[in-house]
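Since the structure comes first, as structure tokens, the remarks are kept for the end.
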Amino acid sequence: MADKPNNNAYWSANIRLVTICLVIWAVVSYGFAILLRPMLSGIAVGGTDLGFWFAQQGSILVFLVLIFFYAWRMNKLDKEHGVDE
Amino acid sequence: MDQTTLNIIVVGLSFCLYFGIAIWARAGSTSEFYAAGRGVNPVINGMATAADWMSAASFISMAGLIAFVGYSNSTFLMGWTGGYVLMAMLLAPYLRKFGKYTVPEFIGDRYYSTAARMVAVVALIVISVTYVIGQMTGAGVAFSRFLEVDVTTGLYIASATVFVYAVLGGMKGITYTQVAQYVVLIIAYTIPAIFISLQLTGNPIPGLGLFSNMAPGTAGAGTPLLVTLDGLVTDLGFNQYTTGSSPWLMALFTLSLMIGTAGLPHVIIRFFTVPKVADARWSAGWALVFIALLYLTAPAVGAMARLNIMTTMWPNGVEGEAVAVDDLPDWFETWQVTGLLGVEDKNGDGLIQYYNESGAGMAELAAERGWAGNELITFNRDILVLANPEIANLPGWVIALIAAGGLAAALSTAAGLLLAISSAISHDLIKSTLNPNISEKGELLAARISMAGAIVLATYLGLNPPGFAAQTVALAFGLAAASLFPTLMMGIFSKRMNSAGATWGMLAGLISTSLYLFAYLGVFFIPGTAWLTSDQYLFGIPPTHFGPIGAVLNFAVAFLVSRATAAPPEHIQELVESVRIPRGAGAAMNK
């Protein structure tokens, strides 16, 4: 099929994008909110520290941004690689 | 008008709305029954997904879990939202492209194996049945409290209600009912939260109020709310609210909830209802927007309710006298009737001392002040959100709204789960395996009958509940994480994964996780059948945290077995290629 190489480029661009998004996903939740919280304890937020804020508010907000960014970027990639509907 | 009448009116109106929608949008074909004819707008689907997803555990139990534990239970907040990132990027768009009706159907086709499909059916049924228990108990509690019937009767009413509209509606009816239920539940959840946040901090947005200073006129005015709360709870011997221990276990549990969320079949099938792959991506984002409205509010609800309970029990501060038995607010009496709240004046001083008996230094303090033990002897965490408007002295219609919201949350999720169960039975078992020649009409009937059977089973399990609603649900996550998620993901991201690898991998994940759960929590959670105790955890891992370990076993077994056996045939590799690109999803629409 003629569009095979095209699809490969599309797929690796997708994998790259997913990897970047999932690294951020892991850093804010497992990192900032839990395991790296002691490192952020110096940054005070409303009577506690930044890690607590990430655990109860920040991670969810970042997740939201990630999903919309991914959807926007992928729908653009679909068009660039001619695999959109 | 008394409170019960008001509750019955508001709940009754919301039910009329659901029944009306169910009749208007009843399913006429299997495509409508299983996938709402694939014509649902992505924003609407996002809203339905939020209701489908936010269960009795999210609505009723989660704020209570956070309130009484604090920071450590942030795992629920991150776990139950972070899973959507995985679902949006690793599963939903591709499974929508595949364009069939059920999760086991994808597994059966991708792994060209009826055996794999049957293992997936078993996994789906175990997960969904475990999950539905929490919905039934949650609905039972809400009915019993607000409509003044006992929990068993409440459970029967809940079952009968779900029966009517799940059997009639199918996916199409369920979708639009869920949209209405989302509106009811989010209003019910946020209105009391906004009132309480204003009372305590003067900030109308609860998520911001949580990090604000106490409002003038409240105890601790001018200091941050979390500092005030930390001070009160530690003075009474409880753990500090904003800190926790064992970060690695927290991370593991969060991971278990995230992977589990992404692998829940009743949520995945919601993405089959949108017209295109691009819609599935947007829809996942919208789902999380609607979910986040509740999840960003829940931690504030938890912390503020805890603070309100503390100041109710200690109106003169911790140094002063505790609340007198005669001065207990009215909601204490209404909740004591349900048996979920109980006080006992152990030292006979006419006051109710609420503190943590086993806290450091508390025995000395109790001896000094003449306390004879904690006198708030029962406080079921599940009642916290339901009692919240009463705790904060909000008007009667807000209390009625909470009743309607709690029921909307439980019923919308129950309907989604029952659909996943019944479509697995009627489509994967009957249509594809037992009786492939069944007519369209026959399959619809089979779907409705299997739904009825699932409701009977769920009711029985709801009458013998294994624990708090949220914990019951947490177990379903371990199983979803260990069985379905890895298999679905490998089906999309690895062309080399074959039938034998996937089947053995799924079995490894499912069996190891089930055994680990049953060993500590009882065979099918039946009390007294556990054969290991909590001091015998493998590497200190509690059964609710086992999901990621099961997932790793699944991946590892699948990889090893697939490398030792032949690669999948050419047409399967082409199938994987086609699932990876969006073009053509619309064409698969009416299959």
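The values are calculated or read from the model by the stated rules, or taken from the named source; none is laboratory data. A quick note: this is a predicted structure, and the numbers were derived from the prediction, not measured. Glycine also receives a Cβ, built like all others from the backbone with ideal geometry; neighbour counts cover every protein chain displayed.
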Within segment B:81-103, tally of residues that are more than 8 Å from chain A (Cβ to nearest Cβ) and more than 22 Å from B:Met490 (Cα to Cα): 0
Output for segment B:199-211, where each listed residue is away from chain A (no Cβ under 14 Å), at pLDDT 95 or above and assigned to a helix (DSSP H, G or I): none
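Test of understanding: among B:Ile402, B:Ile383, which residue is at pLDDT below 85 and either closer than 30 Å to B:Ser197 by Cα or charged (D, E, K, R) (or both)? Outline the logic, then answer.
Details: B:Ile402 fails: at pLDDT below 85.
Residue meeting the stated conditions: B:Ile383.
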Complete set of residues in segment A:23-53 that are surrounded by fewer than 18 Cβ atoms within 10 Å (Cβ to Cβ), in contact with a helix residue (DSSP H, G or I) (Cβ under 7 Å, 6 or more places away or on another chain) and closer than 28 Å to A:Asn75 by Cβ: A:Ile24
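If I go through segment A:52-67 residue by residue, how many of them are over 12 Å from B:Gly285 (Cα atoms) and more than 8 Å from chain B (Cβ to nearest Cβ)?
Initial filter on segment A:52-67 (over 12 Å from B:Gly285 (Cα atoms)): A:52-59.
Checking the rest, the ones that are also more than 8 Å from chain B (Cβ to nearest Cβ) come to A:54, A:58.
Matching residues across segment A:52-67 total 2.
I'd like to know if segment B:362-375 contains one or more residues that are closer than 30 Å to B:Ile125 by Cβ and either among the β-branched types (Val, Ile, Thr) or touching a residue at least 12 places away in the same chain (Cβ under 8 Å) (or both). Explain how you work it out, then say what you get.
We begin by selecting, within segment B:362-375, every residue closer than 30 Å to B:Ile125 by Cβ; these are none.
No; the residues of segment B:362-375 include none that is closer than 30 Å to B:Ile125 by Cβ and either among the β-branched types (Val, Ile, Thr) or touching a residue at least 12 places away in the same chain (Cβ under 8 Å) (or both).
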Members of segment A:1-22 found to be buried (at least 19 other Cβ atoms within 10 Å of the Cβ) and either over 17 Å from the mean Cα position of the chain (by Cα) or modelled with pLDDT under 95 (or both), listed by number: A:Tyr10
Residue count, segment B:212-243 (criterion: in contact with a Ser or Thr (Cβ under 8 Å, 6 or more places away or on another chain), at the interface with another protein chain (Cβ under 9 Å from one of its Cβ atoms) and assigned to a loop (DSSP other than H, G, I, E, B)): 2
Within segment B:180-198, considering residues that are aliphatic (A, V, I, L, M) and surrounded by fewer than 24 Cβ atoms within 10 Å (Cβ to Cβ), the one farthest from B:Ala57 (Cα to Cα): B:Leu198
Residues (farther than 15 Å from A:Ile60 by Cα and either of a type in the set (S, T, N, Q) or more than 11 Å from chain A (Cβ to nearest Cβ) (or both)) located in segment B:59-80: B:Phe59, B:Ile60, B:Ser61, B:Met62, B:Ala63, B:Gly64, B:Leu65, B:Ala67, B:Phe68, B:Val69, B:Ser72
Unmet criterion (only one of (1) part of a loop (DSSP other than H, G, I, E, B); (2) exposed (fewer than 14 other Cβ atoms within 10 Å of the Cβ)) for B:Phe539: (1)
Flag if B:Leu507 is surrounded by 14 or more Cβ atoms within 10 Å (Cβ to Cβ) and outside the structural domain of B:Phe98 (by TED's automatic domain parsing): yes
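Taking segment A:35-85 only, how many residues are among the acidic types (Asp, Glu), assigned to a helix (DSSP H, G or I) and under 30 Å from B:Ala221 (Cα atoms)?
Restricting attention to segment A:35-85, the residues satisfying the condition of being among the acidic types (Asp, Glu) are A:49, A:78, A:80, A:84-85.
With assigned to a helix (DSSP H, G or I) added as a condition, the list becomes A:78, A:80.
Those left that are additionally under 30 Å from B:Ala221 (Cα atoms): none.
Final tally of qualifying residues: 0.
Of all residues in segment B:113-164, which are of a type in the set (S, T, N, Q) and surrounded by 24 or more Cβ atoms within 10 Å (Cβ to Cβ)?
Passing the criteria: B:Ser128, B:Thr130, B:Gln135, B:Thr137.
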Extreme residue, surrounded by the fewest Cβ atoms within 10 Å (Cβ to Cβ), among residues of segment B:292-301 that are facing chain A (nearest Cβ under 9 Å) and more than 11 Å from B:Phe59 (Cα to Cα): B:Ala292
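Of the residues B:Ala284, B:Ala305, which is in a helix (DSSP H, G or I), among the hydrophobic types (A, V, I, L, M, F, W, C) and modelled with pLDDT of 95 or more?
On the way: B:Ala305 fails: modelled with pLDDT of 95 or more.
When all the criteria are applied, what remains is B:Ala284.
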In segment B:363-415, residue surrounded by the most Cβ atoms within 10 Å (Cβ to Cβ) [restricted to those that are touching a Lys or Arg at 6+ places or on another chain (Cβ under 7 Å) and not acidic (Asp, Glu)]: B:Leu386
Answer from A:Ala9, A:Ala33, A:Ala44 - the residue that is at negative phi, among the small types (Gly, Ala, Ser) and more than 10 Å from every other protein chain (Cβ to nearest Cβ): A:Ala9
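Does B:Ala22 qualify as being within 17 Å of B:Phe143 (Cβ to Cβ) and either under 24 Å from the mean Cα position of the chain (by Cα) or crowded, with 17+ Cβ neighbours inside 10 Å (or both)?
Details: within 17 Å of B:Phe143 (Cβ to Cβ): no; either under 24 Å from the mean Cα position of the chain (by Cα) or crowded, with 17+ Cβ neighbours inside 10 Å (or both): yes.
Answer is no for this residue.
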Count - residues of segment A:72-84 that are within 9 Å of another protein chain (Cβ to nearest Cβ) and under 15 Å from B:Arg580 (Cα atoms): 7
